[in-house]
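Novice: Sharing a structure with you now.
The values are calculated or read from the model by the stated rules, or taken from the named source; none is laboratory data. From a predicted model like this one, the values you see are computed outputs, not experimental measurements. Side chains are part of the model used for accessible areas, which takes the heavy atoms of the whole protein and leaves out ligands, DNA and RNA. Shrake-Rupley method; radii C 1.70, N 1.55, O 1.52, S 1.80 Å.
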Amino acid sequence: MGFGQAVKVLILGGTSDARALAQSLDGDGRFDVVTSLAGRVRDPLLPAGRVRVGGFGGVDGLASWIREHDIGAVVDATHPFAAQISENAVAAGATTSIPVAALRRRAWVPGPGDRWTAAASVQDAATIVGDRPRRVFLTIGRQGVGAFGGDATSWFLVRSIDPPDADLPPQHELLLARGPFTVDAERDLMRSRRIDLIVSKNSGGAMTEAKLVAARELGLPVVMIERPRPPHGDLETDSVADVVTWLDDHL
């Protein structure tokens, strides 16, 4: 890499955080940025700058791609539940001696009036839900819905951007929608469907937090699926500005 040449940065994206980072770096001559999307959403919101779509083929494939494209740094800004790509990013960074930062939004925490039950996994949440009949608002995206597919006792409002690939519960309504959502709309939705339980992944962020505010106002319980523990790279932050400073300091 010659003097004055832009540093190539790979953003592992697909989130609003990744789009905010790409927008912040777009037009900054110090960096040449490409955002990689997994390709799991049919009509994704595209970030500023260059984009690639598709997987890398595990740690070895990602490491090879980093070398072939002369990447100087990797920023993992994937969904907090995309555990495999986060692990692959740290491992590929170690293999190639390339620094890896994680831009990861803060987890939600319960406050006064919240009625949360922690679930260690999607399967654990399905077990908790299945102990008696309920009207469930299932807001975990399309991945993991299959864990509830065999529950014939409860009724489910299943919300996701794209239709789930797995079998849906026998009694369900599928609602295809993309956030952000408002508290008023979430409250009206829960009332109109007579929801008595919400199931959510602890994704964090503002885009889908309104459902938790509405649940609190309505006094509804929430089964909150805890995040997987991510590997540690060279930096972990929830701030786009911190990542830009890190890139400037290290590269």
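Novice: Cα axis of helix 83-96 to longest principal axis of the chain: angle in degrees, 0 to 90, nearest 10?
Specialist: Compared with the principal axis, the helix lies near 10 degrees.
Novice: What are the residues whose amide H is under 5 Å from the amide H of residue 225, where those residues sit 5 or more places off or on another chain and H is modelled from the backbone?
Specialist: It is 119, 200, 201, 202, by chain and number.
Novice: Further question: Let me make sure I get this right: for the range 116-225, a, b and c are the square roots of the gyration tensor eigenvalues over alpha carbons, sorted descending. Under 1.5 in a/c it's rounded, otherwise prolate if a/b > b/c, else oblate. Which is it?
Specialist: Verdict is rounded for the range 116-225.
Novice: List the relative contact order of the chain as a percent without decimals, with contacts defined as Cα pairs under 8 Å and 6+ residues apart.
Specialist: This gives 20 percent for the chain.
Novice: Right, next: What residues qualify as long-range amide H neighbours of residue 35, i.e. H under 5 Å apart, gap of 5 or more or another chain, H built at 1.01 Å from N?
Specialist: For residue 35, the qualifying residues are 11, 50, 51, 52.
Novice: Residue by residue through the range 121-127, which ³J(HN,Hα) values in whole Hz follow from phi under the Karplus form 6.51 cos²θ - 1.76 cosθ + 1.60 (θ = phi - 60°), with glycine and proline marked x?
Specialist: 7, 4, 5, 5, 4, 5, 5
Novice: Can you give me the Cα centroid spacing of the range 1-43 and the range 185-203 in angstrom?
Specialist: 34
Novice: Still on this structure, please answer the following. Quick one: accessible area per residue over the chain, 1.4 Å probe, rounded to a whole number of Å²?
Specialist: Value returned for the chain: 48 Å² of accessible area per residue.
Novice: Determine the equivalent ellipsoid of the range 163-231 by diagonalising the alpha-carbon gyration tensor, then write out the semi-axes as square roots of 5 times the eigenvalues, largest first, rounded to whole Å.
Specialist: They are 19, 18, 13 Å, listed from largest to smallest.
Novice: Got a number for carbon plus sulfur as a percent of the chain's accessible area, 1.4 Å probe?
Specialist: In the chain, the share of accessible area belonging to carbon and sulfur is 49 percent.
Novice: Okay, moving on. List the residues whose amide H sits under 5 Å from the amide H of residue 172, counting only those 5 or more places along or on another chain, with H placed 1.01 Å from N in the peptide plane.
Specialist: 156
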